Amino acid sequence: ILNVEQSPQSLHVQEGDSTNFTCSFPSSNFYALHWYRWETAKSPEALFVMTLNGDEKKKGRISATLNTKEGYSYLYIKGSQPEDSATYLCAYSIIQGAQKLVFGQGTRLTINP
Amino acid sequence: EAGVAQSPRYKIIEKRQSVAFWCNPISGHATLYWYQQILGQGPKLLIQFQNNGVVDDSQLPKDRFSAERLKGVDSTLKIQPAKLEDSAVYLCASRQMTGKGSPLHFGNGTRLTVT
């Protein structure tokens, strides 16, 4: 059974502060790691898809790193803004024909003005 | 490009009633997914289609849930009869099948409340 753990489950951050959270996944048979942002009343939006150990990706103030050998990925947000308030989901897939994606339970981020 | 379309956005039904959700994926996306997201949990895959064929339905409660993707485009997910524990957001997503770096594109979801 594939198990993806995200921590913390929820987080309150002051506007302007930087923050980070973790996605842990099984290190065997790794294929890809996805990060999505899900704002209330909207659809989940892809942030990053990472496939190689040591990958680092950046999109504006948001960046992510990947360690496939130890089975974790970090998501960083620099200088948090109110519009960053959302649930951040990671999803993991292993090498198999269907490329099944298994999601973690998400980290709910609230930015306090 | 037009995004993934889902309807309805909200649905309230009583237990033992039936309900159906509809999804129109992004044009040209071969893979279509239905996920169930219960409050406080991550999305759980119910069924995955490749064109009009099922590639994974291992977590679909087949005694009450059914899904089809006729002609490999639109898809419907049905629950019959509904139970209280089916209250959740049902997300449809589609994906191009080119390369392992392709993300999922999600619809806005259908929020189902079973009373």
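Read the figures in this text as sums done on the coordinates, not as results from a lab. Keep in mind it's a predicted model, so treat the numbers as computed, not measured. Note that each Cβ is placed from the backbone with ideal geometry, even for glycine, and that neighbours are counted across all protein chains shown.
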Checking the cross-link filter: which lysines have an alpha carbon closer than 16 Å to that of A:LYS100, excluding same-chain neighbours under 8 positions apart? B:LYS44, B:LYS100
Place +1 on the Cβ of every Lys and Arg and -1 on the Cβ of every Asp and Glu in the protein assembly as shown, take the dipole about the Cα centre, and give the residue among A:LEU11, B:LEU104, B:LEU70 whose Cα lies farthest towards its positive end. B:LEU70
What is the diffusion coefficient of the protein assembly as shown in µm²/s, taking the Kirkwood radius over Cα pairs and the Stokes-Einstein relation at 10 °C with a viscosity of 1.306 mPa s? 88 µm²/s
With contacts defined as alpha carbon pairs under 8 Å and 6 or more residues apart, what's the relative contact order of chain A in percent? 37 percent
Using θ = phi - 60° and the Karplus form 6.51 cos²θ - 1.76 cosθ + 1.60, what ³J(HN,Hα) does each residue of region A:75-82 get, whole Hz, x for Gly and Pro? 10, 10, 10, 9, x, 3, 10, x
Please compute the Cα-Cα pair-distance distribution of chain A with 5 Å bins starting at 0, giving whole percents from short to long. 2, 13, 24, 25, 19, 10, 5, 2, 0, 0
Charge tally in the Cβ shell below 12 Å around A:SER93, where Lys, Arg are +1 and Asp, Glu are -1, A:SER93 excluded: +2
So what are the ³J(HN,Hα) numbers for region A:3-13, from phi and the Karplus equation (6.51, -1.76, 1.60; θ = phi - 60°), rounded to whole Hz, Gly and Pro as x? 10, 10, 10, 10, 9, x, 6, 8, 8, 10, 10
Charge tally for neighbours of B:ALA67 with beta carbon under 9 Å away, counting Lys, Arg as +1 and Asp, Glu as -1, is 0
Place a +1 charge on the Cβ of each Lys and Arg in chain B and a -1 charge on the Cβ of each Asp and Glu, then give the dipole magnitude about the Cα centre in debye, rounded to the nearest 20. 140 debye
Log10 I(q)/I(0) at q = 0.14, 0.21, 0.22 Å⁻¹ for chain B, from Debye over equal alpha-carbon scatterers, is -0.52, -1.16, -1.26
Any trypsin sites (Lys or Arg not before Pro) in region B:1-67 that lie in a DSSP loop and have at most 16 other Cβ atoms within 10 Å would be B:ARG9, B:LYS15, B:ARG16, B:LYS62, B:ARG64
Out of region A:32-113, which trypsin sites (Lys or Arg not before Pro) are coil in DSSP terms and have no more than 16 other C-beta atoms within 10 Å? A:LYS42, A:ARG61, A:LYS69, A:LYS78
Identify which of B:GLY72, B:GLY40, B:GLY53 has the largest mean-square fluctuation in a Gaussian network model of chain B, with springs joining Cα atoms closer than 10 Å. B:GLY40
Inter-chain shielding metric for B:100-112, i.e. average beta-carbon neighbours from other chains within 10 angstrom, reads 5
Spin-label model distance (nm) - B:GLN41 vs A:ASP17, 7 Å beyond Cα toward Cβ: 3.1 nm
Please go through region B:1-102 and write out the GluC sites (Glu not before Pro) that DSSP classes as loop and that have at most 16 other C-beta atoms within 10 Å. B:GLU1, B:GLU14
Could you tell me the relative contact order of region A:1-51? Use alpha-carbon pairs under 8 Å, at least six residues apart, and round to a whole percent. 29 percent
Starting from the Cα of A:LYS58, draw a straight line to each of the aspartates and glutamates and keep only those under 16 Å, dropping any in the same chain fewer than 8 residues away. A:GLU45, A:ASP84
Relative contact order computed over chain B (Cα-Cα under 8 Å; 6+ residues apart), in percent: 37 percent
